[in-house]
Amino acid sequence: MADASAGGLYQCLTDIARADTSGDYQKALQAANKLIRKHPKETFAFKCKLVAQIQLSQWADALELIRKTPAHQMGHVGFEKAYIHYRQGELDEAVNELNTCDKDDVKAQELKAQICYKQENFQEAFEIYRYLLKNHSDDSDELRRANYLAVQARLEAQGTKQQVDDAEDSYSQLYNKACVEIEAERLPQALASLEKALVSCRKSLEDEDREEDEIEEELDSIRVQKAYVLQRMGKKSEALQIYQKVQAANHSDESIDQSKLTRRQRRTLMLNNALVLLMSNQREPCKKALEELVSKFGTSKDVALIEASLHVKMGETENALKVLEGNDLEQSVVRLHVLLNANRLPEAIKAIRALPNASELGPSSLLTSALIASDSKDEAVKALNTASTAKNQSSEALKSILEALVEVEQSRGNEGAATKHLEKLVEKFPDDLQVQCRLVGAYSKSDPKKAEALSAKLFPESMEVDVNVDELEESDWILYGEKYRQKKEAKSPPAADSEIITRKLKNANRKRKIRLPKSYNPDVLPDPERWLPRQERSTYKKKRKNREREIGRGTQGSSSANPNVEFVSASPNSPRPLPGPVAEGPRQQRPNFQKQKKKKASKF
């Protein structure tokens, strides 16, 4: 009986081992149940049943089995319970179960690193993976290294600089390395890593005898990342070609799962979706997308900007201004833009003055324009004077402010104040000839003597100027522009007169060969009238049909214009001819049709 029992145990264990090797976990579950029925005290049987249920994704049954089975029969199942909670999305419960496991349990540590990655605790995940790579090695080193690079990419995105080795060889490692380089703005290096990943991916999957469709689907995920890098590098046409090719393939990529994305990635996707709806003028869907985004991730500056743009599109200016309230500089600038578009100049002027950088060149210029547009030129002058006396002002900014003061004062008719500002400009920028010429023009209106003195200083009569007057008079590029002069100078210089006189100048080679008529005779002189029209030549004779055209012209009965006919004037005593019938023209000679009487219709 004992031998039979031993044989049954061996057979059950063999069935479980075979099912595990073939991946048929349903058969393994049946063998485990059979083993439990025959040997209820066997601890290994309960563990095999639990693993089979986990592989078959029977989470509720697995937890029920752990709850019903005593601990001395099931053994320690902290890792298995943690994995079940992890697959059900219960991350905190999974971490609590992993804390009961041994610290040297590699499987438990790797699962904890994955949970930390999902919880966006990237630094702890980084420490765990670094420890495992340094102190443990097995067949999972390649996958472990790829996960380690994925964690590094997230840390780089958060601003923590990472060092990446060049020891990557698998396509998943090369892909994740490219992600790190993208976050670090090393785009050329990322592009090179993705090119290597494409080659490695095809080679690896072909060695595994994968189908071509499966290989292309895996390659397209790398190609999309490559297109993104090309787009960031400014090569938009190449990126667009890749996007269109991948979209045409229409793969059902199951790897794009919301549960696998980080919180930051899910938020970015929802934000981009709302932005696309806004740009495509889908207002109600955009409003719903923003409400969903705020409910899941809360409000932010990006959400406020999109919401304000939506209100502006819908004509709700007041709602847009309420959304943009706050101390953020970008939101304040957008709020100012909305006010200016709504032509609410007093509020816009107040908003400009409230900016933290109101004394800088850009806000000062905008404030001046707004004040001038609202017919407050006095206020504009005060604002420019305040800006001109600001500390740490660059020379270019100071020059722009003083020039703006000159223009405003001239528009007000205050030439004296404009002249003073021009004098400050000349004092600050003595080498600027244009400013000095403007000052000469200002002096000419108020103080002609100063204008003459400054003009004589700038352009003295004894000043030697290396200008050839004759050359200027003969040159025609002044009329036709600088391009004409450049084209003329690019041509070869003309030949000297001595070469033409001495016949040393060689004739230019003709590009086209001279074509002579077939009947050409060099001994016979050409016809001197060959350039005249044929009808003007002395040898021209009209054809007969041309002579006939001169006969019978005019209306019928009129005399001919033949020069050979002699006309004799009639004497006054000659009898007048009796009036006869007037000859009709050809258009009046029509057949005389008689109207036919209509026949009465027969009654029969």
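For this structure, a couple of remarks:
- Residues in the stretch 396-424 reached by a label modelled at PHE459 [backbone nitrogen below 18 Å; 7 Å Cα→Cβ]: none
- With Cα atoms as the point set, the stretch 358-413 shows a radius of gyration and Dmax of 10.4, 31 Å.
- Using the Cβ-Cβ distance between GLU214 and LEU329 with R0 set to 45 Å, the FRET efficiency works out to roughly 0.35.
- Under Karplus coefficients 6.51, -1.76 and 1.60, residue-wise ³J(HN,Hα) of the stretch 287-304 in Hz, glycine/proline x: 4, 5, 5, 5, 5, 5, 5, 5, 5, 8, 10, x, 7, 7, 5, 4, 5, 4
- Neighbourhood charge, 15 Å Cβ-Cβ cut-off, centred on ALA157 and excluding it, Lys, Arg +1 and Asp, Glu -1: +4
- The solvent-accessible area of MET233, taken with every protein chain present and a 1.4 Å probe, is close to 70 Å².
- Compared with the alpha-carbon gap, the fully stretched path from GLN231 to ASN521 is longer by 97.2 nm at 0.36 nm per residue.
- Subtracting the Cα-Cα distance of ALA167 and LYS34 from their residue separation scaled by 0.36 nm leaves 43.0 nm.
- Kirkwood hydrodynamic radius computed over the stretch 160-290 comes to 16.6 Å, based on all pairs of distinct alpha carbons.
- Eigen-decomposition of the gyration tensor built on the alpha-carbon atoms of the stretch 262-342 gives equivalent ellipsoid semi-axes of 21, 15, 10 angstrom, largest listed first.
- Surface/4 of the Cα convex hull for the stretch 418-458, nm²: 2.4 nm²
- Extension gain for the segment LYS322 to ASN392, taken as residue separation times 0.36 nm less the Cα-Cα distance, is 21.7 nm to one decimal.
- Part-to-part distance (alpha-carbon centres) for the stretch 409-442 and the stretch 290-329, which is given in Å: 47 Å
- Working value for the stretch 1-117: equivalent-ellipsoid semi-axes of 29, 14, 13 Å, each the square root of 5 times a Cα gyration tensor eigenvalue, largest first.
- Prolate/oblate/rounded label for the stretch 75-141 (Cα gyration tensor, a/c 1.5): oblate
- Computed from the C-beta positions of ASP375 and ASN341 and an R0 of 25 Å, the FRET efficiency is 0.80 to the nearest 0.05.
- Charge tally in the Cβ shell below 14 Å around GLU536, where Lys, Arg are +1 and Asp, Glu are -1, GLU536 excluded: +3
- In the stretch 84-184, the portion of solvent-accessible area held by carbon and sulfur atoms comes to 40 percent [1.4 Å probe, whole percent, DNA, RNA and ligands not counted].
- Efficiency of FRET between GLU536 and LYS513 - r from beta-carbon atoms, R0 51 angstrom, step 0.05: 0.95
The values are calculated or read from the model by the stated rules, or taken from the named source; none is laboratory data. All values derive from a computational prediction rather than experimental measurement. Note that we place each Cβ from the backbone using ideal geometry, even for glycine, and neighbour counts take in every protein chain shown. What goes into the accessible areas is simple: the full protein's heavy atoms, side chains included, and nothing from ligands, DNA or RNA. Shrake-Rupley method; radii C 1.70, N 1.55, O 1.52, S 1.80 Å.
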